[in-house]
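The structure under discussion appears below in the form of structure tokens.
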Amino acid sequence: MYLYPKWIRLWHLLNALLCLLLIFTGLNIQYSGRVIPIDKAVRVHNIGGIILSASYLIFFIGNLVSPNRRHYKIRCKGLLGSMGNQIVYYTIGIFKGNKNPFTVTKEDKHNPIQKVSYVFIMYLCIPLIIITGWDMMFPGFLSTILIGSKGLVVSDLIHIISGFIVTLFMVIHIYLCTLGSTPGSLFMSIISGYYAGDD
Amino acid sequence: MNPIPLFFARLSLIILFLICCLPVLYGQDIVVSTQQETEWISDFYEENEQCFRCHQTGITPSDELTEDEINNLGSHGLLFSREDFYNSNHRTFACIHCHGNDDTDLRELADEGVFTCTNCHGFDAASDQYHFAEKAEQYNKSVHANLENVNFSCWKCHNPHVYKSNIRNTTDIHDTITYHNNICLDCHSKRNHVPTNPENDSKIMLEHHNWLPNQPLHISKVKCIECHTQIINSDLLTHLILPGEQAKMRCVDCHSKESRLLATLYKFQAKEQRSKAGFFNGMLLEELRIIGTSGSSYLNIASVVIFLLTLLGIALHIYFRVRMNRTKLTN
């Protein structure tokens, strides 16, 4: 089943590489150049952040104008129940050999947990990281005008907390992608575009 | 069509509200209340005017002084601003207190030797609180002491005609930072070349600091000496200037609970904040005030614990998956 159009795959690859690069350089900045020198980490982090901003614009506009947006729509009715079912499957059912309560279709490719987490990350955390990142790259404007002289501290807090949440998301996301019919099948799907297994 | 459903619009509003609440915790400006200085007129004003007739910046040629003589005075650093002098630490002095006595021929004063701070300040009880003798010791170990062969002395940074101790009396920490950094830039910028390094100019100074994220912000908010001196806890303003290559370049030197800035520049403010906000709140604010999460041990610990728990969860999941697959194969 062809599930991932070319633009989504290219964007996903770019986004994944940028996130890994930004997490790595971000940790280097936070812990003062333990692996690579601080000046190089800052420069690469800034350039990565600018490219991530452009990449996010592609995702945002792409989702506005293409049918892909339907995969990010969440119906509140029954949401908690279906999320609960999915969590029970991931934590207990999968070990008993139960069937996945969610069936992937062309119209609905994300299960409730994926949907909620993707929307949370892509429509809340990433925008917050981008806005606060720009605020720290060009200090004295946004947060300082909105909040005052300590605005940069607030920006810094939001940036690092959001970055931490995205890091956790990346770890869990990559692990859950090994839950396909074979451990590598879902990784192949996002490369080829064809979905080849139940997760 | 907007892909964000109502549920997340509400969630975003709640988070936005919480973000707006943050300034209540962290957004308070720190105000150091000090007694405002009032305009002060010297007892020796009239007496000093005799000196300022010739030794004042901006004077024009007259019967007393030719243009060449003015230029000569200027090139030897012998022209002073009257306003700066009467705002300086030595404003209560008459010029002749240091420059000879009533019988001295004023024209010969320039030939007298240059004083160092400890000539007057080192060995009397009144000066004890300023630790001049200790500062002299620190200075002797500093990189500046090596420049004495090119006429470097206390005067280079603390010209007694204009120097004003700033940090103890400031109402605006940023004025203090600017004032102190300008002292360094007097030599370390194109305004006045460092004698040993004629290539040095402000452009080179900025290039040396290119590694700093948000360079303009750092330079305007941190004193040069915060990174270029060795911290001595008992001394607010250490004079042990380190060679350039030994300057502090690690973010956590400032952006941490043990920040160098809290040992020096923001020491008074930190105490002030603690007394205003209470000890516990003060400690929290103190940690986050300059930087952010990177400086908060509480958030650092929480993030490590959450991350390890996540990895533990994944490890357990893998273990049960492997066990299930083995059971399947056995059956």
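Only the coordinates and a few stated rules stand behind these numbers; no lab work does. This is a predicted model, so every value here is computed, not measured. Using ideal geometry, Cβ is built from the backbone for each residue, glycine included, and neighbour counts are taken over all protein chains shown.
Each peptide in A:1-10, B:176-185 receives the mean, over its residues, of other Cβ atoms within 10 Å, and ordering these scores from highest gives B:176-185, A:1-10. Note on region B:39-103: semi-axes of the ellipsoid equivalent to its C-alpha gyration tensor, largest first and rounded to whole Å, are 22, 13, 11.
Couplings 3J(HN,Hα) of region A:62-78, computed from phi: x, 6, 6, 9, 10, x, 4, 4, 5, 6, 10, 7, 10, 8, 5, 5, x Hz, in residue order, whole Hz [Karplus 6.51 cos²θ - 1.76 cosθ + 1.60, θ = phi - 60°; x for Gly and Pro].
Shown here is the pair-distance distribution of chain A: with all Cα-Cα distances grouped in 10 Å bins from zero up to the longest one, the shares run 8, 30, 33, 20, 9, 1 percent.
Springs join every pair of Cα atoms under 10 Å in this Gaussian network model of chain A, and among A:Tyr123, A:Tyr89, A:Tyr31 the largest mean-square fluctuation is at A:Tyr31. A simple rule links phi to the HN-Hα coupling: the Karplus curve 6.51 cos²θ - 1.76 cosθ + 1.60 with θ = phi - 60°, which for region B:128-134 gives 3, 4, 9, 6, 4, 5, 5 Hz, with x for Gly and Pro. Near the amide H of B:Leu240, within less than 5 Å, lie the amide hydrogens of B:Gln230, all on another chain or at least 5 residues away, with H placed in the peptide plane.
Spin-label model, A:His110 to B:Ser153: label points 7 Å out along the Cα-to-beta-carbon direction sit 7.3 nm apart.
Given the pairs A:Lys6/B:Lys328; A:Lys106/B:Lys328; A:Lys6/A:Lys77; A:Lys99/B:Lys328, which span a C-alpha to C-alpha distance of over 27 angstrom in this model? Cα-Cα > 27 Å for A:Lys6/B:Lys328; A:Lys106/B:Lys328; A:Lys6/A:Lys77; rest within.
With r defined as the distance between the Cβ atoms of A:Leu57 and B:Glu49 and R0 fixed at 51 Å, what FRET efficiency is calculated, to the nearest 0.05? For A:Leu57 and B:Glu49, the calculated efficiency is 0.15. Amide hydrogen proximity for B:Phe80: with H placed 1.01 Å from N in the peptide plane, the residues at 5 or more positions away or on another chain lying under 5 Å are B:Gln56, B:Thr57. At full extension, B:Lys141 and B:Gln215 could sit 23.7 nm farther apart than now, given 0.36 nm per residue minus the alpha carbon distance. Note on A:Tyr118 and B:Met249: the model spin-label points, each 7 Å out from Cα along the C-beta direction, lie 4.4 nm apart.
Rounded to the nearest 0.05, what FRET efficiency do A:Tyr31 and B:Ser42 have when you use their Cβ-Cβ distance and R0 = 51 Å? E between A:Tyr31 and B:Ser42, to the nearest 0.05, is 0.40. Placing R0 at 30 angstrom, the Cβ-Cβ distance between A:Leu79 and A:Lys99 gives a FRET efficiency of 0.90 after rounding to 0.05. Model label sites at B:Val322 and B:Tyr86, defined 7 Å from Cα along the beta-carbon direction, differ in position by 8.4 nm.
Under 5 Å from the amide H of A:His110 lies no amide H of any residue 5 or more positions distant or on a separate chain, with H modelled from the backbone and absent for Pro and chain starts.
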